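The values are calculated or read from the model by the stated rules, or taken from the named source; none is laboratory data. Because the structure is a prediction, the values reported are computed rather than measured. In this analysis, Cβ positions are derived from the backbone assuming ideal geometry, glycine residues included, and neighbour counts consider all displayed protein chains. Quick note on the areas: whole protein, heavy atoms, side chains included, nothing else; ligands and nucleic acids left out. Shrake-Rupley method; radii C 1.70, N 1.55, O 1.52, S 1.80 Å.
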Amino acid sequence: MKLIAGVDVGNSTTETCIAGINEDGKFKFLSSAITETTGMKGTVENVKGIIKVLNDALLKINKKINDLDVIRINEAAPVIGDTAMETITETIITDSAMIGHNPSTPGGEGLGVGITIDITELDKADSGNNYIVIVPDSITFDKAAELINSFSEKVNIKGAIIQADEAVLVENRINIKIPIVDEVKHIDKINKGVMCAIEVASLGNTIKMLSNPFGIASIFNLTPEETKFVVPIAKSLIGNRSAVVIRTPSGEVKESIISAGILTIFGQKSVVKVNVDSGADEIMKAVNEAGLIYDVSGEIGTNIGAMINRIKNSMANLTNMDINDIKIKDILAVDTMLPVNASGGIAGETFMEKAVAIASMVKVDRLPMMKIAEKLQNETGVYVKIAGVEAVMASLGALTTPGTKLPIAVLDIGGGSTDAALLDEKGNVTSIHVAGAGELVTMLINSELGLNDRVIAEEIKKNSVAKVESLFHIRVENGQIKFFDEPLNPKLFGRVVVIKGKELIPINKDTTLEKVVQVRRTAKERVFVKNSIRALRALRAIAPEGNLKKIPNVVIVGGSALDFEVPEMILAELAKYKIVAGRGNIRKSEGPRNAVATGLTMSYF
């Protein structure tokens, strides 16, 4: 029996399909396997993963690599995607005269305004002034309470700022009622002898004065010109239960403005310029006007210029190409919100700013695939053939899904790009690659929830979430209540968690169940659904009679087709065109995986 292996190297995973041909010419699928891609897709580091996945698949049929007659890999040049995001309104960088903070465990409540003073220097305080005491972590909570109590009748203490997470401990031991803010990591940045305001909201409420620029202006008697500088601080404190704002010495306000900038798209139809400040919809209109994209550039010295430069630099490093040879072939722009660091913050405060996320794609030449084939052949001793185009192979593999027929369209949704292909009744295939897929969705979730943790953002993308409402039950996002025989970890109580199999992974961010679900679903709709429709519409010109409705089947394949929400979202959208769409089930056994690898073996036959 002649053994043929088809190997598909993806951005995240490498898949193989092993098939055999008997002496009488009968073709049979024998086994398959999947493993993580080693190295960046399209580089010789992929060979290690290819060899592993081949060994895994061959072990299932008691064969070895030297039993293979040929290994077939994609003909398609590597398509490398990258993503970045930047504020789309102009960025105002201010070395502000104000500093804001948002701890999660404050003590007391109300508004306190006074002059900052070290707690060890209360004996030097003027009885005619109001004070906010500063408590470094070298002072224990019981010592801090003792000092406040001993001076409370002599000094007008209106609030306290504590470096450690001990506000409640101090509050419970003092004989006056004052707002207390803790968890001030960089307490050494706070100047002594300057005006300071502390606000702690009552239970169930949020602060009002310090989240309002005019409230801050009222407290510190700011001029209209000074008030505009505190807008980022006020925005960073909206919705918080507590805050502290400090006026640092005068003369420290500095400002520089970086505009959003102009994006230039060099296309087959025309060269189109668009102001990034107009938002993602206008950018995508410009993409459509430009036609087939040759390259994209951003205005020098602007946010978009820096973004495009970062993207091209990272791609040049990945491909070992000269940056001048890197040409962006497609982009997808999505409106989002980006956490921006509040200038002068004393504990990493951020505020959400309108932003645009851009996924871009560059297609490099065939040389990297030739290097992979050469190295793989040298290490295995098996003839390696750079075979069919990836989109064609995916279409062939998708046809093994029960219930499909020609003509058929295939959506291959991966990590960096979305590929669409149309296979007509005569077997002719037309395909298109568009930027944006799973990685962009992860980025949006990470950014809009302010997680600063890509790993947990990836888990949120892939799984349902729930709220731990007691140590013995959780409420799942669909309203279902699940009870447990054994108590849950107390650290999970009250938190939103990701349900990954039997594991509950906490989202270590103060957020609601509803917000996590909303951010996850809208991110998928903006990227997966809209991008899939964009790709299919690009095929409309070559669809039967130029009508998308004439395509009876759309088979969704690729890693992102395994998502528990995406196929249903796409199906709901395509239902408007009376198109049957759903996850592929390659060879009736693989689900949406293995389409390209399966197609590679089929094309040999």
_Odd one out for Val441 among (1) within 16 Å of Val527 (Cβ to Cβ); (2) of a type in the set (Val, Ile, Thr); (3) without any contact (Cβ under 8 Å) to a residue 40 or more places away in the chain_ = (3)
*Qualifying residues in the range 40-69 (those that are within 22 Å of Phe605 (Cβ to Cβ) and not in a helix (DSSP H, G or I)) - the one least open to solvent (accessible area, probe 1.4 Å)*: Leu68
*Verdict on Lys189 being under 19 Å from Val244 (Cβ atoms), surrounded by fewer than 20 Cβ atoms within 10 Å (Cβ to Cβ) and within 40 Å of the chain's Cα centre (by Cα)*: yes
_I'm told Lys462 meets every condition in (1) surrounded by 23 or more Cβ atoms within 10 Å (Cβ to Cβ); (2) within 23 Å of the chain's Cα centre (by Cα) except one. Can you identify the failing condition by its number?_
(1)
*Which of the residues spanning the range 116-154 are part of a strand (DSSP E or B), within 16 Å of Ile176 (Cα to Cα) and free of Cβ contacts under 8 Å to residues at least 60 places away in the same chain?*
Asn130, Tyr131, Val133
*asked:* Kindly evaluate Asn156 against the criterion of being within 14 Å of Val133 (Cβ to Cβ) and open to solvent by 50 Å² or more (accessible area, probe 1.4 Å).
replied: yes
*Candidates Arg454, Arg475, filtered to the one that is open to solvent by 40 Å² or more (accessible area, probe 1.4 Å) and in contact with an Asp or Glu (Cβ under 9 Å, 6 or more places away or on another chain)*: Arg475
*Within the range 588-605, is there a residue that is touching a Phe, Trp or Tyr at 6+ places or on another chain (Cβ under 7 Å), modelled with pLDDT of 90 or more and not in a loop (DSSP other than H, G, I, E, B)?*
no
*Being at pLDDT below 80, over 28 Å from Phe266 (Cα atoms) and touching a Ser or Thr at 6+ places or on another chain (Cβ under 9 Å) narrows it down to one of Val340, Val364, Val389, so name that one.*
Val340
*Take the residues of the range 239-249 that are under 16 Å from Glu109 (Cα atoms) and among the β-branched types (Val, Ile, Thr): which is surrounded by the most Cβ atoms within 10 Å (Cβ to Cβ)?*
Val244
*asked:* So, in the range 402-446, exactly how many residues are surrounded by 24 or more Cβ atoms within 10 Å (Cβ to Cβ), in a loop (DSSP other than H, G, I, E, B) and aliphatic (A, V, I, L, M)?
replied: 1
*Looking at (1) within 18 Å of Pro106 (Cα to Cα); (2) modelled with pLDDT under 90; (3) open to solvent by 40 Å² or more (accessible area, probe 1.4 Å), which is the one condition that is false for Ser236?*
(3)
*When the range 258-316 is examined, which residues are found to be of a type outside the set (S, T, N, Q), open to solvent by 30 Å² or more (accessible area, probe 1.4 Å) and outside any helix (DSSP H, G or I)?*
Ile258, Ile262, Phe266, Lys269, Val271, Lys273, Leu292, Tyr294, Glu299, Ile300, Gly301
*Within the bounds of the range 494-517, is there any residue that is in contact with a Gly (Cβ under 9 Å, 6 or more places away or on another chain) and either open to solvent by 60 Å² or more (accessible area, probe 1.4 Å) or part of a loop (DSSP other than H, G, I, E, B) (or both)?*
yes
*Residue selected from the range 1-39 under the condition in contact with a Lys or Arg (Cβ under 6 Å, 6 or more places away or on another chain) and in a loop (DSSP other than H, G, I, E, B), by the criterion farthest from Ala437 (Cα to Cα)*: Thr38
_Tell me whether the range 207-224 contains one or more residues that are open to solvent by 10 Å² or more (accessible area, probe 1.4 Å) and modelled with pLDDT under 80._
no
